[in-house]
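> Handing you a structure now.
The values are calculated or read from the model by the stated rules, or taken from the named source; none is laboratory data. The model shown is predicted, which means the values in this text are computed figures rather than measured ones. As a convention, Cβ positions derive from the backbone with ideal geometry for all residues, glycine included, and neighbour counts pool all protein chains shown.
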Amino acid sequence: MIQQVEEPVLEIHDLTVSYDKKPVLWGIDLSVPKGAIAGIVGPNGAGKSTLIKSIMGLTSLSSGYVKIFDEELEQVRSRVSYVPQRESVDWDFPASVLDVVLMGRYARIGLFKRPRRADIEAALFALKQVGMDKFKTRQISQLSGGQQQRVFLARALTQQADIYFMDEPFAGVDAATEKAIIQILKKLAEDGKTVIVVHHDLQSVSTYFDWVIMLNLRLVASGPTDKVFTPELLEETYGGKLTLLTEVGELMKKGQYPTREKQ
Amino acid sequence: MNLETLIEFFSLQNPNVRYVVLGSVLLSVSSAIVGCFTFLKKKALLGDVVSHAVLPGICISFMVSGTKDPFLLIIGAFLSGWLSIIILDYIVANSKIKEDTATGLSLSVFFGVGILLLTVIQHSGNAAQSGLDSFLFGKAAALVGKDLLAFSIIASIILIVVYLFYKEFELVCFDQEYARSIGVPVKRIELLLTSITVLAVVTGIQAVGVVLMSAMLITPAAAGKFWTNKLSVMLLLASLFGAFSGIAGAYISYTAPSMPTGPWIVVVLSFIAILSFFFAPEKGILIKLFKQRKIRLQLLEENLLKSFYKIGEINADFTAARSNEELIEIRRFSTAQFKEGLSRLSNQGFIKKTNGTWSLTNDGLQKGMRVVKLHRLWELYLTKYLRIAPDHVHEDADTIEHVITPEIEERLEKLLEYPEADPHSSNIPYN
Amino acid sequence: MDSLIIISTGSLVAICGSILGCFLILRKMAMVSDAISHAVLPGIVIAFMLGSDLDSVWMLVGAGLVGVLTTFLIEFFHQKGKLQTDAAIGVTFTWLFAIGVILVTYYAGDAHIDQDCVLYGEIAYTPINPIILKNGTVLGPKALIVLGAVLLIIVLIVSLFYKEFFLTTFDPSFALATGLSASLWHYVLMSLVSVTTVASFESVGAILVVAFLIVPPASAYLLTTRLSHMILLSCCFGVLSAIFGYYLAYAIDGSIAGAMATVAGVIFGVVFAIAKYLEKRRAISNLEQMTLETSK
């Protein structure tokens, strides 16, 4: 069940990503509508993070393309925000909460200049939204998991983007933080922003997301939650073993075959 | 470097030469073997730390005993080498300082202390200290019987330990969790590994000196890794590379006594490593490039055969003669590729040429048919099992058709239940 | 006067090292800097062989390029050859350093020249540069000027692009996502490290550069919570090491570079103990606070 959308904010076409010539994502075709809060689910190793990373240009594509607001990422970077996994960063880094949140404004500030009054105010405002304004001078190593996640979210909010990609924002956070984050995401959607989230917990999918993307090396389903989040499709996503696919992938790696032939 | 010197050297008649060669080989081999294990644990730079850290121990040993007795110096070296690792581990475990920083810190501080002590000794005018600095760059060419005795004992100890604990070392390096779970005393094995590393360093620096010692540990292992994934083979190759470089270095020192042996051993070793890097089968970069070319040719040939077959499908006449233009219409090739592909196919007997046109032989027909079949089977697989839209499966199948082995072909047929048509309603041919 | 010059030179090396080193250790690139500091040796020797005198600018540039080459080679072996990082570093720099030592020997010519000097060279250039005296303590003001210039460049670049260095160090993925090029700043940093290494080589040799790149920043890391404070504190520790190191060397008649590195290490040890003590005190006060709250 793959529902395509008429005027998508995110369009992915025949996307294949390979590591060392072995495809880890096969021919993904999907689109996401404006204002959706979309959840990406799938078993471990399904390629969920890889998908987000390839959208953000952090991994190269073996085939296909990604369009955001019907343009290449380069053209619309200022409208796109990315929240990486918490583990991707060393939290022992000597920086304050405010320092990290301000990073969201760097692109806006430009190469040679320093953060200005307006940037600091924007950062403080974002901190208030996530309930962390009292922590602005706290060093980030002194934060709990939930607080760290809020800081990451605040950083994303300062970018004032139109589409947000988040990689496992709910992993290892306390219930209160989770609630707070979801509130913010819902508000963003109400304002017409789109949010796409890699999620790990199936229990909360129906309450959090109105659009679900089910992934396991390939796209199993993509569409409104009530249509797509069904036992059959879940079974296929989590249960099905595509041995042929994996073996062919291994052969491609072994022989170092190109994923797409040059025509 | 003339023939005479060469013969002189390799006849090993000169006892000095014997010492030097034997010494260099022993040192190189034991370092190479130990180095493989640290390499596999991804702690290759540990050897770098230890080799810099032995210096203060050597100096203190000298200052305390007043002599350059190799055994005493070795004990001093061993202790300070060990200490540097203990401190490194302690720092990482008890503070937020990361491993690479602790490594660099331990290395530079210990070395700094060592240099300080060394220069103090040198300036003190104590006659006995001359030659102490040979530890910095190594003077394998100046090895004498007593030195040789000391470190042939140590080299033997290392080899015996490795032999006895081979399985444990292997486990701890490859899969610590598993080793722990089956009751291997991981901590103690690591202690042992560290000890023989320190021992290897302590002996090795006499040939190549302090700075280049890490090369003796890392480079043979890195070179060996390009040729094999099996530990035993890697150890063997690393030892061979080490021994060869050791002898080469000794030889060069023999012919040019002002040349320090250390750098030459390392240069030879690095050269071997770089050659491995480019030419080792499977992993060598140039070999990979050759493979790419092979694949490109395979793709080219099979795509051409596909074109023949597809023209044939139009009128169900597969063996008629085809012109260049007809073929190009089915699938575009560059002129050069086209020519190359056709000539290769004709040489291999898949097509034959008659009056400027080409036709499939029976072999060619079979092969072309198979590739087309695989393409269409795979397209079906993609649409059915991966839910990919029919207009998106062509490109993927275009590659995979060349990859599928007969075994996978069988399973594919079975899985799809011997289908007759692909997603575009083209016929799937069976033999 | 001499001692002032020497201490100043050491301090300049310390400050350059501290600024760059803070970024290096936060990027977990400490050992790469160690590699670069060794690998520039052949570059230095070749530059000398080509030019006749201390035409420092060309030497800085040339040897700086070798540093970039080293970084590139390490990346190359790692990415293309799939060689693990630590081995890529180890193989690359030892090879280059070995070549450097051989070149020094050839260039120096005679049999009795000490190659040892290359390492802890206040006397590093004795075989190469007749200007520096062999007693190991005289450094012409030229080194001071060169280092001063290098420091200026470093301060300029780091302060102009502080945000970019900050972000690419802390969160390379986010940086990439916002359009920054992580590899550009990586190479800029490594080039600065090379230039610093070369400029310092003339005066204090390989070991001290590495020591100053790693040890004072590590000490500062333990005590600070802001990058800007870390850099400042690291500079202080570095300068202290330079000052006390000089006097230590003078007192026991040993290598100045070695002494400075030793003092840096001692400072680290002291800071480590202090940091542990502070941690314990904080833990105890937290515990007290919790018991107080629960007993209410």
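Rundown of residues vs (1) free of Cβ contacts under 8 Å to residues at least 12 places away in the same chain; (2) over 30 Å from A:G239 (Cβ atoms), yes/no style:
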residue: B:S323; (1), (2): no, yes
residue: B:N347; (1), (2): yes, yes
residue: B:G356; (1), (2): no, yes
residue: B:G364; (1), (2): no, yes
residue: B:G368; (1), (2): no, yes
residue: B:E379; (1), (2): no, no
residue: B:T405; (1), (2): yes, no
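> Please state which one of B:V92, B:V17 is modelled with pLDDT under 80 and aliphatic (A, V, I, L, M).
Criteria check complete, one pass: B:V17.
> For segment B:383-410, enumerate the residues that are farther than 19 Å from A:S62 by Cα and exposed (fewer than 15 other Cβ atoms within 10 Å of the Cβ).
B:K384, B:P390, B:T405, B:P406, B:E407, B:E410 - these are the residues of segment B:383-410 that are farther than 19 Å from A:S62 by Cα and exposed (fewer than 15 other Cβ atoms within 10 Å of the Cβ).
> Still on this structure: In segment B:194-223, what residues are free of Cβ contacts under 8 Å to residues at least 60 places away in the same chain and farther than 30 Å from B:P70 by Cα?
Residue satisfying the conditions is B:A223 alone.
> Here are B:E282, B:E313: which of them is part of a helix (DSSP H, G or I) and among the acidic types (D, E)?
B:E313
> Give segment B:384-407 a look and list any residue that's touching a strand residue (DSSP E or B) at 6+ places or on another chain (Cβ under 8 Å) and more than 7 Å from chain A (Cβ to nearest Cβ), or say none.
B:V393
> For A:E261, indicate whether it is within 14 Å of chain B (Cβ to nearest Cβ) and without any contact (Cβ under 8 Å) to a residue 12 or more places away in the chain.
In short, yes.
> Is it the case that B:F318 is within 14 Å of chain A (Cβ to nearest Cβ), of a type in the set (F, W, Y) and either closer than 29 Å to B:K294 by Cβ or surrounded by 15 or more Cβ atoms within 10 Å (Cβ to Cβ) (or both)?
Against the criterion (within 14 Å of chain A (Cβ to nearest Cβ), of a type in the set (F, W, Y) and either closer than 29 Å to B:K294 by Cβ or surrounded by 15 or more Cβ atoms within 10 Å (Cβ to Cβ) (or both)), B:F318 does not qualify.
> Does B:L342 qualify as being closer than 22 Å to B:L300 by Cα, touching a residue at least 24 places away in the same chain (Cβ under 8 Å) and either away from chain A (no Cβ under 11 Å) or loosely packed, with under 15 Cβ neighbours inside 10 Å (or both)?
Criteria met by B:L342.
> Since A:E74 meets every condition but one in (1) surrounded by fewer than 18 Cβ atoms within 10 Å (Cβ to Cβ); (2) within 12 Å of another protein chain (Cβ to nearest Cβ); (3) touching a helix residue (DSSP H, G or I) at 6+ places or on another chain (Cβ under 6 Å), which condition does it not meet?
(3)
> Looking at A:Q183, is it under 24 Å from A:K34 (Cβ atoms) and in a helix (DSSP H, G or I)?
For A:Q183, the condition - under 24 Å from A:K34 (Cβ atoms) and in a helix (DSSP H, G or I) - is met.
> Can I ask one more? Which numbered condition trips up B:T354, out of (1) exposed (fewer than 14 other Cβ atoms within 10 Å of the Cβ); (2) within 14 Å of another protein chain (Cβ to nearest Cβ)?
So the condition that B:T354 fails would be (2).
> Does A:K227 meet the test of being of a type outside the set (S, T, Y), surrounded by fewer than 16 Cβ atoms within 10 Å (Cβ to Cβ) and touching a strand residue (DSSP E or B) at 6+ places or on another chain (Cβ under 7 Å)?
Here the answer is no, as A:K227 does not meet what is asked.
> Separate question: Give segment A:186-202 a look and list any residue that's among the charged types (D, E, K, R) and part of a loop (DSSP other than H, G, I, E, B), or say none.
A:D191, A:K193, A:D201
Residue-wise test of (1) in contact with a Gly (Cβ under 7 Å, 6 or more places away or on another chain); (2) under 27 Å from C:L24 (Cα atoms); (3) surrounded by 24 or more Cβ atoms within 10 Å (Cβ to Cβ).
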position	(1), (2), (3)
B:L3	no, no, no
B:L45	yes, yes, yes
B:M63	no, no, no
B:G76	yes, no, no
B:V92	no, yes, no
B:G104	no, yes, yes
B:G112	yes, yes, yes
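> Looking at segment B:353-367, can you tell me whether even one residue there is closer than 30 Å to A:V220 by Cβ and polar (S, T, N, Q)?
So far as segment B:353-367 goes, no, none of its residues is closer than 30 Å to A:V220 by Cβ and polar (S, T, N, Q).
> Just a yes or no: is a residue in segment B:39-62 free of Cβ contacts under 8 Å to residues at least 24 places away in the same chain and in a helix (DSSP H, G or I)?
yes
> For segment A:237-255, state whether one or more residues are over 26 Å from A:Q3 (Cα atoms), modelled with pLDDT of 90 or more and surrounded by fewer than 17 Cβ atoms within 10 Å (Cβ to Cβ).
The answer is no; no qualifying residue exists.
> A follow-up question, please. Filter segment B:212-261 for residues that are in contact with a Gly (Cβ under 6 Å, 6 or more places away or on another chain) and in a loop (DSSP other than H, G, I, E, B) and give the result.
Selection gives B:L212 alone.
> Next question, about the same structure. Could you please tell me which pairs satisfy a Cβ distance under 6 Å, a separation of 6+ or placement on different chains, a first residue in segment B:172-193 that is within 16 Å of B:C36 (Cα to Cα), and a second residue that is of a type in the set (D, E)?
Filtered contacts from segment B:172-193: B:I189/B:E168.
> Take B:S258 and decide whether it is surrounded by fewer than 17 Cβ atoms within 10 Å (Cβ to Cβ) and within 12 Å of chain C (Cβ to nearest Cβ).
For B:S258, the condition - surrounded by fewer than 17 Cβ atoms within 10 Å (Cβ to Cβ) and within 12 Å of chain C (Cβ to nearest Cβ) - is met.
> On to the next question. Could you tell me which of the residues A:A122, A:A126 is under 22 Å from the mean Cα position of the chain (by Cα), within 23 Å of C:Y162 (Cβ to Cβ), surrounded by 13 or more Cβ atoms within 10 Å (Cβ to Cβ) and more than 13 Å from chain C (Cβ to nearest Cβ)?
Just a single option satisfies the conditions, and that option is A:A126.
> What do you reckon, is B:E413 among the charged types (D, E, K, R), within 11 Å of another protein chain (Cβ to nearest Cβ) and outside any loop (DSSP other than H, G, I, E, B)?
Taking the combined requirement at face value, the residue does not satisfy it.
> Looking at this structure, is C:I284 farther than 21 Å from C:V13 by Cα, β-branched (V, I, T) and within 11 Å of chain B (Cβ to nearest Cβ)?
no
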